[in-house]
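> One structure is given below, represented as structure tokens, and several questions about it will come after.
Only the coordinates and a few stated rules stand behind these numbers; no lab work does. These figures come from a predicted structure and were not determined experimentally. Here the Cβ is made from the backbone with ideal geometry for all residues, glycine too, and neighbour counts use every protein chain on show.
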Amino acid sequence: MIKEQISVFDIFKIGIGPSSSHTLGAWRAAQQFTASLKENNFLADVEMIKILLYGSLAKTGKGHGTDVAILLGLTGADPVTFDVDAVTPTFEAIKKDKKLSLAGDLVIDFDYTNDLLFLFAESLPFHPNAVTFQAFLKNGKAFSETYYSIGGGFVVKEGEDSSQKVQVDLPFPVEKAKELLHWCLSTGLKVSEIVMENELAWRPESVTKAGILQHFAVMRDCTYRGCHTTGFLPGGLDVARRAFPLNKRLIGKSDYHDYNSWIEAIRKGGNGFNYTLDWVSCFALAVNEENASFGRVVTAPTNGAAGVIPAVLQYFITFCDGYSDDKIIQFITCASEIGSIFKKGATISAAMGGCQAEIGVSSAMAAAALTECLGGSQRQVLMAAEIAMEHHLGLTCDPIGGLVQIPCIERNTMGAIKAITASQLALQSNPDKAKVSLDAVVNTMWETALDMNAKYKETSDGGLATNIPISLPEC
């Protein structure tokens, strides 16, 4: 049996909000479909495209920007580099002009209402997040492919054989936390060092470090931008941005002009409990307000939970003197391994497991990373991850109006604070006396996901989504 091999750059991906499964994954699926058209020499003969959205992609697709992502993906735009300010204008132009530039090469007629179908009552068995692309050709034939966006920006094509994927020889293969702990104790290496050794199987160390720092730069810029942008979030809920006024109140009259001077200004305010707590919340709010506005973020491990790890990392940088490239790389690599264990043993898809699969996993990742960076042992690192997830078990995904705003944005602040608390508990505890292992909590999370009612899995059919009176079309 082929075991899944996950790199740090699989867990952390640069993309555009608001959802890793509904936006980034759907975007990637559209890109893969246009690539298939080219590979099969069908592109020049396409006359019409139809897109069928199933399950959660249909039910919360508009609120999550699935329609936007798919159309941009079909044009050949890339979420890593595409101008975020051009997202909405490009989408609106396609709808208005009824023209689609397929792969940027072929302009075809496209009617948004008739050619992009939201099949609310239909779901495919493999995964709730499914999309089928149908290309109708000049010769009367059709070419069709179905893709599943399985969380965190990961995409699986129907019928794809995982054994065909290129496998590398990892020096420290890990499926479960007990295997990770075995490698750590037998070698004396930290979790982050195990990750870096495995990454060498894919690329040189210098390339890995440069890539991680590029991802951090996106997190950093997103946090700073979110703290300095005012107004309301798109989508119709009229949710006011809160990071901007909170940053303004906390920073007071301090003078700064860029990220570095901003950090110095924050540090000068002290490190009192309330002050620190407010800043952690501010950091998390900033990222997810950007995410909700089609901003550029890093899936960590998803977009809906994209604020937890940057907030805790920002806490480490600002209040724990962690502002160095080596410390940042250590934090992100350690976090990635915990995310990988949850991906392999359970899920990071809210459509499969509820919000425990997003905020819960990101909180566990952040808790582990912070613990290692603060000098915790390998056992304490895994203990911190376990504590963080243990207290997210059963958390449902019930976005109001199908938008990644309420309760998603505030949940990132909760996940960040829980991560810091879990880290502190682990650092002050003897893990040998722990009653619950990380593997046990991963198994429990998966069992909980299987038992959870479908209406609490990113469908907006239950929870807050049905108990808050609003007048959005999608509700």
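> Could you tell me what % of all Cα pairs in the range 1-96 have separations over 15 Å? Walk me through the numbers before you get to the answer.
Values: 2976 of 4560 pairs.
Everything past 15 Å amounts to 65 percent.
> Sticking with this structure for a sec: Whole angstrom only: what separates the Cα centroid of the range 209-254 from the Cα centroid of the range 1-59?
The two parts, judged by their Cα centres, are 28 Å apart.
> Given the Cα-Cα distance of E158 and E39 and 0.36 nm per residue of separation, how much length would full extension add, in nm?
On the way: separation 119, 0.36 × 119 = 42.84 nm, distance 1.71 nm.
In short, 41.1 nm is gained.
> Treating the Cα atoms of the range 186-302 as identical point scatterers in vacuum, please give the log10 of the normalised Debye intensity I(q)/I(0) at q = 0.11, 0.13 Å⁻¹, two decimals.
-0.50, -0.66
> Go ahead and run the numbers for FRET between V207 and L137, Cβ-Cβ distance against an R0 of 35 Å, rounding to 0.05. Write down the numbers at each step before the final one.
Numbers: r = 41 Å, r/R0 = 1.16.
Plugging the Cβ-Cβ distance into 1/(1 + (r/R0)^6) gives 0.30.
> Say a paramagnetic label sat at a point 7 Å from the Cα of L425, along Cα to Cβ; which residues of the range 346-368 have their backbone N under 20 Å from it?
355-368
> While we're looking at this one, here's another question. With the cut-off at 22 Å, report for the range 309-435 the share of all Cα pairs above it, as a whole percent.
Everything past 22 Å amounts to 32 percent.
> Please list log₁₀ I(q)/I(0) at q = 0.13 Å⁻¹ for the chain, using the Debye equation with identical point scatterers on the alpha-carbon positions.
Values returned for q = 0.13 Å⁻¹ are -1.19.
> At 7 Å along Cα-to-Cβ for each site, give me the label-to-label distance between R267 and H182 in nm.
With each label point 7 Å from Cα toward Cβ, the separation is 4.3 nm.
> How high is the relative contact order of the range 177-467, in percent, counting Cα pairs under 8 Å that sit 6 or more residues apart?
Details: 493 pairs, mean separation 57.7, N = 291.
Taking the mean separation of contacting Cα pairs over the length of the range 177-467, I get 20 percent.
> Further question on the same structure: Give, in nm to one decimal, the length gained when the segment between L450 and E175 is fully stretched (0.36 nm per residue of separation minus the Cα-Cα distance). The partial results should precede the final answer.
Values: separation 275, 0.36 × 275 = 99.00 nm, distance 2.02 nm.
Computed gain between L450 and E175 is 97.0 nm.
> Under a straight-distance cross-link criterion of Cα-Cα below 19 Å, which lysines are reachable from K327, leaving out those fewer than 8 residues away in the same chain?
Leaving aside lysines fewer than 8 places away in the same chain, those within reach of K327 are K190, K209.
> Which order do the peptides 410-422, 457-469 take when ranked by the mean count of other beta-carbon atoms within 10 Å per residue, highest first? Before the final figure, lay out the partial values.
Numbers: 410-422: 24.4, 457-469: 19.0.
Those peptides, ordered most packed to least, come out 410-422, 457-469.
> Let me make sure I get this right: for the range 402-470, a, b and c are the square roots of the gyration tensor eigenvalues over alpha carbons, sorted descending. Under 1.5 in a/c it's rounded, otherwise prolate if a/b > b/c, else oblate. Which is it? Working shown, then result.
Numbers: a/c = 4.30, a/b = 1.71, b/c = 2.52.
Oblate, since a/c reaches 1.5 and b/c is not below a/b.
> Could I ask something else about it? Given only helices, namely DSSP H runs of n ≥ 4 each adding -39500 (n - 2.57), what is the per-residue ellipticity at 222 nm of the chain, to the nearest 500 deg cm²/dmol? Don't skip to the end; give the middle numbers.
Working: 21 runs with 238 residues, N = 475.
Mean residue ellipticity at 222 nm (helix-derived): -15500 deg cm²/dmol.
> Quick one, could you list the DSSP H helices from the chain stretching 27 Å or more along their long axis (Cα atoms) with average Kyte-Doolittle hydropathy of -0.5 or above?
Details: long enough: 205-227 (33 Å, -0.04); 273-292 (28 Å, 0.24); 325-345 (30 Å, 0.17); 408-427 (28 Å, 0.56).
The qualifying helices are 205-227, 273-292, 325-345, 408-427.
> Highest mean first, how do 264-273, 224-233, 296-305 rank when packing is the count of other Cβ atoms within 10 Å averaged over residues?
Working: 264-273: 13.1, 224-233: 17.7, 296-305: 30.9.
Ranking, from highest mean packing down: 296-305, 224-233, 264-273.
> Could you tell me the calculated FRET efficiency between Y275 and D325, based on Cβ-Cβ distance and R0 = 30 angstrom, to the nearest 0.05? Could the numbers behind the result be given before it?
Numbers: r = 27 Å, r/R0 = 0.90.
The value I calculate is 0.65.
> In whole Å, largest first, what are the principal axis extents of the Cα atoms in the range 19-164?
35, 32, 31
> Okay, next question. Got the relative contact order for the range 195-267 handy, in percent, Cα pairs under 8 Å and 6 or more residues apart? Before the final figure, lay out the partial values.
On the way: 35 pairs, mean separation 13.3, N = 73.
So the answer I get is 18 percent.
> Where in the range 76-119 does the amide nitrogen come within less than 17 Å of the point 7 Å from the Cα of D221, taken along Cα to Cβ?
78-87
> Projected onto the charge dipole of the range 129-227 (+1 at Lys/Arg Cβ, -1 at Asp/Glu Cβ, origin at the Cα centre), which of Y147, G188, L200 gives the Cα projection farthest towards the positive end?
Of the options given, the answer is Y147.
> Give the order of H215, H64 when sorted by the count of other beta carbons within 10 angstrom, beginning with the fewest.
By the 10 Å Cβ count, ascending: H215, H64.
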